[in-house]
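The block underneath contains the structure these notes are about, expressed in structure tokens.
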Amino acid sequence: MKVRTVPFGEIEVKEERIITMEEGIIGFPYATAFVLLRQRGSGPFFWYQALNDEKLAFLVIDPFLVKPDYDVLIDDYVVKKLAIAAAKEVVLLSILTFHEENKTLTANLLAPLVINAANRKAKQVILEEFGYPLQYPIRSDLSVMAQQEEADFLLHHLVETTP
């Protein structure tokens, strides 16, 4: 299917790459279908692009690259809702925010996206009980990028790569 996007123009998206979110993202309940996009040479960053709104795209990252000791427990409701059969099916992503005033990037560790890579169902969850911040500063060097290979292995069948 062809999709118009602001970051990449018109792109071709394979049906098997579409990620569905019944409840959308917090603040954007109408956006229920997404695709993960990666630009060549973009390092650990991905775009989480809404398919029904070309202007709605979130820069995302694997939260374990930002905070290696990130530890979450996905509650039974989410496990059931996403039909998660095994932990190895789960991909977590944090939405990033660029702060123009001080040119910094922060990761939302409080409300990650939980994706079942096996069936491409997703949900944004709020992890209040873990005490994670909404705006966790990202180090400029991201020295943990070496771990990206492992993250890529889990994400390989979810991501569309763009030129």
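Computed from the coordinates by the stated procedures, all read-outs in this text should not be read as laboratory data. Since the structure is predicted, the reported quantities are computational estimates derived from the model, not experimental observations. Glycine also receives a Cβ, built like all others from the backbone with ideal geometry; neighbour counts cover every protein chain displayed.
Numbers at a glance
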{"read-out": "Two-site FRET efficiency, Thr104 against Phe64, from Cβ-Cβ distance with R₀ of 25 Å, rounded to 0.05", "value": "0.80"}
{"read-out": "Those trypsin sites (Lys or Arg not before Pro) in segment 19-90 that DSSP places in a loop and that have at most 10 other beta carbons within 10 Å", "value": "Arg40, Lys55"}
{"read-out": "Fewest-first ranking of Tyr136, Tyr48, Tyr77, using other Cβ atoms within 10 Å as the exposure measure", "value": "Tyr77, Tyr136, Tyr48"}
{"read-out": "Normalised alpha carbon radius of gyration of segment 2-159 [divisor 2.2 N^0.38 Å]", "value": "0.99"}
{"read-out": "Normalised contact order of segment 2-159, rounded percent, pairs of Cα under 8 Å and 6 or more residues apart", "value": "22 percent"}
{"read-out": "Cβ-based exposure ranking for Ile61, Ile115, Ile74, Ile26, in which fewest neighbours within 10 Å come first", "value": "Ile26, Ile74, Ile61, Ile115"}
{"read-out": "Cut-off 13 Å between beta-carbons: net charge of the residues surrounding Asp75, Lys and Arg +1, Asp and Glu -1", "value": "0"}
{"read-out": "Theoretical FRET efficiency, 1/(1+(r/R0)^6), r = Cβ-Cβ of Glu89 and Glu22, R0 25 Å, to 0.05", "value": "0.90"}
